[in-house]
Amino acid sequence: MTIKNHTFETEVNQLLHLVTHSLYSNPDIFVRELVSNASDACDKLRFLATSDDSLYENDGELAIKIEIDKDAKTLTISDNGIGMNEADVIDNLGTIAKSGTKAFLDKLSDADKKDGNLIGQFGVGFYSGFIVAEKITVETRKAGEPSSEGVRWVSDGTGSFTTETIDKPTRGTSITLHLKDEFVEREDGEYSYLDRYKIKSLVSKYSDHISLPIQMRKEVWQEDAEQDENAPVPNGEMILTDEWETINKASALWTRTPSEIGDDEYSEFYKTVSYDFDEPLTWTHNRVEGRVQYTQLLYIPKKAPFDLYAREQQRGLKLYVKRVFIMDDAEQLLPMYLRFVKGVIDSADLPLNVSREILQESRDVKSIREGNARRVLTLLASLASSEDEAKQAKFADFYKEFGDVIKEGLGEDKANQERIAKLLRYATSTNDSVETSFADYKARMKDGQKAIYYLTAENLVSAKNSPQLELFNKKGIEVILMTSKVDEWAMNFLTELDGTPLQNIAKGAVDLGDLTDDAEKEEVKKQEEAFKPVVERLKGVLGGRAKDVRVTSRLVDSPACLVVGDGELTPQMAQMLKAMGQ
Ligand code: ADP
Ligand code: MG
């Protein structure tokens, strides 16, 4: 057999240099990259085999196998996917085929190149093996080609590689990493990629949801034939068997058809993505076919996390690209006011090497975020408007936990303002429990009433005793009582609903329009005349401390009240801003 020498393309050398110098802090990622390559290779075979069954060579059980050889200090990841011939190997493992990668490398500044995180998230594919390996051997044979056409590729990742033709009866690719000493046994015990449990935990972290089985050899406990009678536990050791066991779940729940998934399966999955011990309140699972194709599985928790209002809190969804885990807490996938939503997005349209930086700018991500927001709001609306009592109860539970957070959406998400407003519930001057929607209120409005009246206050008691309410109570006009901290801020963004204006009765002059009859108007005029001297005196006494002093018809029992001008801060708002240190 002749061994041929090849040199890497210049860019590969650059990339290898980056990989080995910058990624020491996050070496684990090679598992994800190599397993995902193996999975891609199986996907490719499966696709080609749909038109040519013979490519399976009577072995249609696609799987990925991981083997540890402690003596040789190697870790081998094999697949029975599409495989490569010599030309493929030289093309794929000697150059950087993807133009995107080249462009990315060119764009990186020197500082960026030192930032392992950036490069790690960007993804370095096959070459990531060189973070942990001093030498990599690839043995591969393309599906449908004779065993004698196998190829062995060997490199130490410094400038060159060799290829030779080998006999390889089994189709597909096996990649053997000859581990660097520091990744076999480190003094801090941190990384040993010869440790079966380490590998298993990495597979479950990154690749649980690869839909192919990922297998390792089964280990069994074998007791020593001769036992020390006095030993508290029997002597023995774990030994490797020839049997294979599947170590991943091998099923990406979200890729399955919703009608075939049980509620308990959805609940279990929720617990793994949310780290919540409780069941979810509800969820929605859809394949979205639009400008961007993706699967969304979104859960609403039962309880708000304790840090719902902490700005630094972790939020966002798990992002997968073609079933390969990319990142946790991808906050770009949800607007801020839906930060309590948990779940998974899987899109085939995003690159595997997408980073947080790329997510921020991507139009595809923007369209996924908008799709997610709409879907969550639709789900909530369907609970809110359901005839089913269980669903109504769920909505009430939801509202108790998260009602204040979604109010933030009135300001944050203008496009969905109306959908959000329809979900909001309040107490009113005639009904203490927080259950009146704007629509309910409108249905109860008096003939001639032109606006939805509301009042913001610190709590229900002070709202109900507010002098501003007197006239409304006297006339029997219902007023919505808003008592949460966020209300006043949020209501700045909501000025009308389906053509009906919203009016804060603590602001400016309240025009009751047709609800005031002519006799009352006449009376007000008379009073204004009669009290002119008093008003003038009050203005003089108060000086600059009051902007204006007016005779009002809004009070019934109280002699006076404070109001703020339209567009000015109410006392509650002023207090809230002060509390926030503004
Ligand atoms: P990417 O997977 O993003 O294309 P990689 O650097 O991970 O980039 O892999 C480079 C190429 O090498 C792949 O596109 C594929 O053609 C080939 N390759 C890598 N691993 C395998 C494998 N296990 N089986 C077949 N081809 C592979
Ligand atoms: Mg890859």
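Coordinate-derived values only; no laboratory data. Predicted model only: the values in this text are computed from it and were never measured. Here the Cβ positions follow ideal geometry from the backbone for every residue, glycine too, while neighbour counts run over all protein chains shown.
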Checklist outcome for this item: Magnitude of the Cβ-charge dipole (Lys and Arg +1, Asp and Glu -1) of the chain about the Cα centre, nearest 20 debye, reported as 2800
Checklist entry - Taking θ as phi - 60°, what are the ³J(HN,Hα) couplings along region 431-446 by the Karplus curve (6.51, -1.76, 1.60), each to the nearest whole Hz, with x for Gly and Pro? => result 8, 5, 7, 7, 9, 8, 8, 4, 5, 4, 4, 4, 5, 9, 4, 6
Next on the checklist: Please report the net charge: other residues with Cβ closer than 12 Å to the Cβ of Tyr454, K and R +1, D and E -1.
Outcome noted: -2
Checklist outcome for this item: Once amide hydrogens are built 1.01 Å from N within the peptide plane, the residues lying 5 or more places from Ser251 or on another chain with amide H under 5 Å from its amide H are none
Checklist entry - Among Tyr275, Ser362, Leu424, whose Cα lies farthest out toward the positive end of the dipole of the chain, if unit charges sit on the beta carbon of Lys, Arg (+1) and Asp, Glu (-1)? => result Leu424
Checklist entry - Gap in Å between the Cα centre of region 120-173 and the Cα centre of region 359-438? => result 52
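How large is Rg/Rh for the chain, to two decimals, with Cα atoms and a Kirkwood Rh?
Values: Rg = 33.6 Å, Rh = 29.2 Å.
Checking Rg against Rh, the ratio lands at 1.15.
Kirkwood Rh and Cα-based Rg: tell me the resulting Rg over Rh for region 411-453, rounded to two decimals. Working shown, then result.
Details: Rg = 11.9 Å, Rh = 11.6 Å.
Radius of gyration over Kirkwood radius for region 411-453 works out to 1.03.
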Item to check | Nonlocal amide H pairs with Ile452, under 5 Å, H built at 1.01 Å | outcome: Leu502, Gln503
Checklist entry - Which residues' amide hydrogens lie under 5 Å from the amide hydrogen of Gly81, considering only partners 5 or more residues apart or on another chain, with H built in the peptide plane? => result Thr173
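What does the highest-first list of 79-86, 239-246, 499-506, 422-429 look like by mean Cβ count within 10 Å? Before the final figure, lay out each step's value.
On the way: 79-86: 23.4, 239-246: 11.5, 499-506: 17.1, 422-429: 20.6.
Descending packing order for the listed peptides: 79-86, 422-429, 499-506, 239-246.
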Item to check | Label-point gap, in nm, between Ser147 and Ala546 - each point 7 angstrom along Cα→Cβ | outcome: 10.2
Item to check | Nearest-ten-degree value, helix 518-542 long axis tilted from longest Cα axis of the chain | outcome: 80
Next on the checklist: Which entries of Lys318/Lys400; Lys391/Lys474; Lys200/Lys342; Lys414/Lys521; Lys135/Lys271; Lys475/Lys547 have Cα-Cα distances beyond 32 Å here?
Outcome noted: Lys391/Lys474; Lys414/Lys521; Lys135/Lys271
Checklist entry - What list of ³J(HN,Hα) values in whole Hz, one per residue of region 221-236 in order, does the Karplus curve 6.51 cos²θ - 1.76 cosθ + 1.60 (θ = phi - 60°) give from phi, with Gly and Pro shown as x? => result 7, 10, 7, 5, 4, 9, 10, 6, 4, 8, 5, x, 10, x, 7, x
Next on the checklist: Among 359-365, 379-385, how do they line up by average Cβ neighbours within 10 Å per residue, starting with the highest?
Outcome noted: 379-385, 359-365
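Please say if region 159-298 is rounded, prolate or oblate, where rounded means a/c under 1.5 for a ≥ b ≥ c the square roots of the C-alpha gyration tensor eigenvalues, and otherwise the choice is prolate for a/b larger than b/c and oblate otherwise?
Values: a/c = 2.21, a/b = 1.37, b/c = 1.61.
It comes out oblate by the Cα gyration axes.
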Item to check | Fraction of antiparallel bridges per DSSP, the chain only, in percent to nearest 5 | outcome: 85
